[in-house]
1. Rounded to two decimals, what ratio of Rg to Rh does the range 295-424 give with C-alpha atoms and a Kirkwood Rh?
2. How much of the accessible area of the chain, in percent, comes from carbon and sulfur atoms when a 1.4 Å probe is used?
3. If the chain between L250 and T119 were fully stretched, how many nm would it gain, using 0.36 nm times the residue separation less the Cα-Cα distance?
4. Express the accessible area of the range 11-124 per residue in Å², computed with a 1.4 Å probe while the remaining protein chains stay in the model.
5. Output the 0 to 90 degree angle, nearest 10, between the alpha-carbon long axis of helix 104-114 and the longest principal axis computed from the alpha carbons of the chain.
6. Quick check: net charge around D242, other residues with Cβ under 13 Å of its Cβ, Lys/Arg +1 and Asp/Glu -1?
7. Hey, with R₀ at 41 Å, roughly what FRET efficiency would Q336 and L58 work out to, going by the Cβ-Cβ distance, to 0.05?
8. Pull out the extension gain between A410 and R304, defined as 0.36 nm times the separation in residues minus the alpha carbon to alpha carbon distance; nm, one decimal.
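The values are calculated or read from the model by the stated rules, or taken from the named source; none is laboratory data. This one's a predicted model, so the numbers in the text were calculated from it and none came from an experiment. Virtual Cβ from ideal backbone geometry, glycine too; neighbours counted across all protein chains shown. All accessible areas refer to the heavy atoms of the entire protein, side chains included, with ligands and DNA or RNA removed. Shrake-Rupley method; radii C 1.70, N 1.55, O 1.52, S 1.80 Å.
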Amino acid sequence: MSTQPTTPLGHVWLVGGGPGDPGLITVAGLEAIRRADVVVHDRLSPPELLKEAPAGALLLDAGKSPDNQRMTQDQINAALIEHGQAGRHVVRLKGGDPYVFGRGGEEAIALAEAGVPCTIIPGITSAIGGLAAGGVPVTHRGIATSFTVVTGHEDPTKPEAQVRWDALSQASETLVILMGVERLEGIARAIIEGGRDASTPAALVQEATTPRQRTVTGTLETIASVARTEGITNPALFVVGDVVALQPFLDPARLAPLAGKRVLVTRSRSQASSLVSALRLEGAHPVELPAIEIQERIDDDALRDAVSLLDASEYRWIVFTSANAVEVFLDALMEQRDLRAFGDTRICAIGPATERALIARGLRPDLVPDQAIGEGVARVLVEHGGVEGGRVLLPRAEQARDVVPDALRAAGAEVDDLPLYLAAPPAEPPEEALALLREGGIDVVTFTSSSTVRNLVELLHGDLTPLRGATIACIGPATADTAWDAGLEVHVTAEVHTIDGLVSALRSHLQGSTAPGRDA
Ligand code: SAH
């Protein structure tokens, strides 16, 4: 037995990232990324998934596009083997499924030969899932009992071509052609020559399951010219067969109000996730444009005074009007003291999100008004009693409205307003999302606070034109007022001022309106 220290054995996971939407990776695939030391990703693997890798993980772009070969297959195999042999956890992230035209088999064989353990985590292939997202089922009772997936990479007129179009054309009802956009004309002709009727329905689904998804339809005879007129580009799926006739009925945009809609999310990146996932679940494409960034603005003296008054049980109430206020105040408090400073001071949270933030920090609020707005807090607190003649601490944003302190003072309270942070526009403007907005590529704009409205207007340098064609949705009346004041027409104001309330109000609005999406 050797007593030499040995390098721990590495491992490579060949992970199918799904067709494009980062939510369509498997649970196992995501888990592998979250534990990876190295991620070798592809041009077609969903880029958002890279954010799931641990901080400090090495991200290698193997992105092969037809004209821009970043790493050759040999280099990719060599990199996987090298990192595997060095004892690392390596994820080889691919678009769709690793074994569907993904060269995953070659990589697995190379790893096996080098003695590096490897696990395949299958993915949703674009050939099936991408088509479904475009409204085309690969099989359908009474219409198609089989499908064939074939590469369109080869030139069908070359004698050495491996793809037997004559046989394939007849082999199954549905034909799905990947990598075929450049040779549509030739492939369509080969299928007709193989015996399929020129009037057979055909469709192209470009960039399936991404915010840029587009579906166009025609027949075997017309599809190449439709593609030219519509400017269809890679990556796209080419599908031929009678199932395509179902597309108008199964287009996801017709099946659910938010499906296929590009929805701008303007909250800060750290807060966006609940809205982003609620939207994704509805089939919408959230586009993050964080219009606010939380900048701490703590006056040390004011904070020290507030903490010692809190510690001395001088405050009857402490009122949190946002989850941000909870985070910033508790972080600051913990620098000097701990949760015992709260003693029996009563705690009020403006709404459920603030309540959750408090509970996550070990504090259960005594009071959460039904109406998550400033007016509601002030009214409920006054009704609750103990405000008159009492002292109230209000840790909050620098530019917050005066509704709460004014109402509490009017009710006879002494209010210590403690500004802690500023919801400022981001230091680096999110250019990509701004460009999409300017191109008219956004269907719905969501605002979850007045500062998101003000800051988005500022990011657009006051030019509201890009927002005109979109549905404007606000979380509550105060935010809506700010939007109207900024010159925007507000179409949706949530009655329940939470993320779920906002999404639900938006669904009802869109379900009710007959206007199909911009891309329908
Ligand atoms: N392993 C992948 C396929 C790789 S081959 C999978 O299982 O999906 C690359 C081809 O897949 C592209 O040329 C295109 O035809 C298709 N493709 C991949 N992702 C796509 C997407 N989101 N939308 C449309 N086509 C896609």
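1. Result for the range 295-424 is an Rg/Rh of 0.92.
2. 50
3. The L250-T119 span can extend by a further 43.6 nm.
4. Values: 5190 Å² over 114 residues.
Here the residues of the range 11-124 average 46 Å² of exposed surface.
5. On a 0 to 90 degree scale, this one is about 90.
6. 0
7. 0.55
8. Gain in length upon complete extension: 35.5 nm.
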